[in-house]
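Inspection log for the structure reproduced underneath, given as structure tokens.
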Amino acid sequence: MRSVGTLTRADLAETINRKMGLSRAESLELVEAVLNKMADALESGENVKISGFGSFILRDKRERVGRNPKTGVEVPITPRRVMTFRASQLLKDRIAKAG
């Protein structure tokens with residue numbers, strides 16, 4: 001796995017392959033299944049919490065009035081659902097130690 005850059009699905013599958021002994025195809029299938037389960041839960045309006053890592057939280061934002069910063073013209077911002085990520089304290093501590 002790379003120490004710098006972006007962690008990919010293939011990187012996760014490779015780690016599962018090495019640590020668990022599953023084939024590359026089975027490892028990738030496992031990664032896909034976990035990500036699909038998370039996406040399905042979020043799509044159906046559920047928050048996703050991974051203990052020791054963090055939470056993916058859905059919020060419904062109401063309609064509001066925004067302003068174009070260049071012209072100052074008011075523009076309505078439509079209501080929408082957004083997802084945020086909140087890191088667990090364990091993850092925050094681990095990142096702080098690494099930096």
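Roughly how many Å² is the accessible area per residue of the chain, as a whole number, for a 1.4 Å probe?
It amounts to 83 Å² per residue over the chain.
Normalised by the residues of the chain, what does the relative contact order come to in percent, with Cα pairs under 8 Å and at least six apart?
19 percent.
Treating cross-link reach as a plain straight distance, find the lysines whose alpha-carbon is under 24 Å from the alpha-carbon of Lys97, omitting any fewer than eight places away in the same chain.
Lys49
May I ask for the net charge around Arg86, where only other residues with Cβ less than 12 Å from the Cβ of Arg86 are counted and Lys, Arg are +1 while Asp, Glu are -1?
Residues near Arg86 contribute +3 overall.
Among Leu58, Ile95, Val73, whose Cα projects farthest towards the positive end of the dipole of region 45-99, with charges put on the beta-carbon of Lys, Arg (+1) and Asp, Glu (-1)?
Checking the options against the dipole of region 45-99, the answer is Ile95.
Could you tally the net charge around Ser55, taking each other residue with its Cβ under 14 Å from the Cβ of Ser55, Lys/Arg +1 and Asp/Glu -1? Mind dumping the intermediate values first?
Working: positive: Lys49, Arg59, Arg86, Lys92; negative: Glu46.
Within the 14 Å Cβ shell, the charges total +3.
Just for the chain, what percent of DSSP beta bridges are antiparallel, to the closest 5?
Working: 15 of 15 bridges.
Just about 100 percent of them are antiparallel.
How are the C-alpha pair distances of the chain spread across 10 Å bins, as whole percents from the shortest bin up?
Histogramming the chain at 10 Å steps yields 13, 25, 31, 19, 9, 2 percent.
Across region 45-99, what fraction of all alpha-carbon pairs, as a whole percent, falls in each successive 5 Å bin from zero upward?
Percent of Cα pairs in each bin: 5, 16, 14, 14, 12, 11, 11, 12, 5, 0.
Put +1 on the Cβ of each Lys and Arg and -1 on the Cβ of each Asp and Glu in the chain; which of Leu12, Asn47, Ala33 then has its Cα farthest toward the positive end of the dipole?
Of the options given, the answer is Asn47.
Can you list which of the DSSP-assigned H helices in the chain have a Cα extent of 15 Å or more along the long axis and an average Kyte-Doolittle score of at least -1.0?
Helices meeting the criterion: 9-20, 24-43.
Restricting to Cα atoms and excluding each atom paired with itself, what does the Kirkwood estimate give for region 1-45 in Å?
The Cα-based Kirkwood calculation yields 11.3 Å.
The values are calculated or read from the model by the stated rules, or taken from the named source; none is laboratory data. All figures in this text were calculated on a predicted structure; none of them were measured in a lab. Positions of Cβ are generated from backbone atoms using ideal geometry, with glycine treated the same way; all protein chains shown enter the neighbour counts. Heavy atoms of the whole protein, side chains included, go into the accessibility calculation; ligands, DNA and RNA do not. Shrake-Rupley method; radii C 1.70, N 1.55, O 1.52, S 1.80 Å.
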